[in-house]
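Reading through the structure tokens given below for one structure.
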Amino acid sequence: MLRLNGYVCLPVLALAASVLFSQDAPTAVRQRALLHPPSTFASATATNPRQLTPVETGDALLLKHRYQAAIAAYAKSPSMTAGIWNKMGMANELMANLDEAVRCYNESLRLDPNFAIYYKNFGTNLIAEKKYRESWEAYKQALALDPGIFSEDDYRTVGTPAAVHDRGPMYYYMALACVCAGQNSRALDYLRSAMNEGFIEPEKIASDKEFAALSGDPGFKRLLAEESRQ
């Protein structure tokens, strides 16, 4: 992972699924990543004669792996937002232009240091580095900035950037973050996924002080009982 002046250069696999088509406004709602690429490119060219915006053009080129052309399109945007800088960083990273990618990511974070999706993706990258406690902190920060950050990008149902062997700890520490945020129902969902991945046993969860807030939750007790019988 690349770092510069305290900022983070997120590996592209953790950004591509959740950042490419996020809107650029710095509000929490607009920071949430869209799960499916928009289908406007084809319709805009086939049925709508209007000219694509620089961002739409860049997104379409990026999907076609035309990274340099995508960067050139993004650079024509009349207003260079944090989201556009992020996309330019991602395109540069795909071309292994790492120094330029770092510059773009840092510019993106400079413009919007409270962009929740970065902290969520950062947490997932820390999982890959086996820095579990740090990933938990990143997930908590993401939820603090946007309480709905996990709800629209559900790692259990969509393609996840985490490697298969990293998904268990990822679910577990997302569950911990949800508990800290008071999102008990979602925490139980991620706990179930962590156990299904074989990362942790019900007995360990029952004795984990971090989950003490769930000890009286009927759903928590039922989950542990169900998993213990398997």
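Does G83 satisfy the criteria of being under 20 Å from E56 (Cβ atoms) and out of contact with any Gly (no Cβ under 6 Å at 6 or more places or on another chain)? Write out each step before concluding.
Working: under 20 Å from E56 (Cβ atoms): yes; out of contact with any Gly (no Cβ under 6 Å at 6 or more places or on another chain): yes.
Taking the combined requirement at face value, the residue satisfies it.
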Discussion item. Looking only at the stretch 89-102, how many residues end up being touching a residue at least 12 places away in the same chain (Cβ under 8 Å), surrounded by fewer than 22 Cβ atoms within 10 Å (Cβ to Cβ) and part of a helix (DSSP H, G or I)?
Written reply: 3
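Every number in this text was worked out from the coordinates using simple rules, so none of it is lab data. Just so it is clear, the model here is predicted, and its values are computed rather than measured. Because the Cβ atoms are built from the backbone with ideal geometry, glycine has one as well, and the counts that use them run over all protein chains shown.
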